[in-house]
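The values are calculated or read from the model by the stated rules, or taken from the named source; none is laboratory data. All values reported here derive from a predicted model rather than from experimental measurement. Heads up, the Cβs are rebuilt from the backbone with ideal geometry, glycines too, and the neighbour counts pull from every protein chain shown.
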Amino acid sequence: MYDQNGERGRIKHIDRYKQLISYEGLERHRKITPTDIDGMIDYNGNAFIFIEGKLENKQIDFGQKKAIENVINGLCEAGKPSCCLIFRHNQKPDELIIAKDCIVSEVYYQHKWRYYNTKTVLYYVDEFEKHWKKLGILI
């Protein structure tokens, strides 16, 4: 995504960015409903990092957690290393959240949730990239 100055990663249309999407009426069998993921890095189809932000004291709900596990497990079983980083923030609704600087509280990788609370999203992205490069994954 590019902003008006051509800078990657910046919000292009702030008015649209704040627009909510309702999934009302999309309840499916077993009462499942769509979920969202806040961010994804696609390494040319070879590996993936999913990123989800939550308010400081809000837990990830069961359905979203299960969806994350299923997507990542499926990708890994297909030979595409993947993980999910859950970060926490306490910004007010009108404040911009700078994801790279937020602290990661949970990481889902290799069929397991791991709990942390000291390193940033950027730190973990860098670490996974280094790890996957060592394994010979083209990122």
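Brief remarks on what is shown
- Subset of region 65-80 [assigned to a helix (DSSP H, G or I) and loosely packed, with under 15 Cβ neighbours inside 10 Å]: 66, 70, 73, 74, 77
- Residue check for residue 37: within 27 Å of residue 8 (Cβ to Cβ) and surrounded by fewer than 15 Cβ atoms within 10 Å (Cβ to Cβ): yes
- Criterion (hydrophobic (A, V, I, L, M, F, W, C), within 14 Å of the chain's Cα centre (by Cα) and over 23 Å from residue 130 (Cβ atoms)) met by exactly one of 68, 60: 60
- Residue in region 110-128 that is in a helix (DSSP H, G or I), touching a Leu at 6+ places or on another chain (Cβ under 6 Å) and among the aromatic types (Phe, Trp, Tyr) present: yes
- Failed condition for residue 78, given (1) without any contact (Cβ under 8 Å) to a residue 12 or more places away in the chain; (2) over 27 Å from residue 32 (Cβ atoms); (3) not charged (D, E, K, R): (2)
- If the condition is being modelled with pLDDT under 95, in contact with a Gly (Cβ under 9 Å, 6 or more places away or on another chain) and among the aliphatic types (A, V, I, L, M), then region 30-89 contributes only 32.
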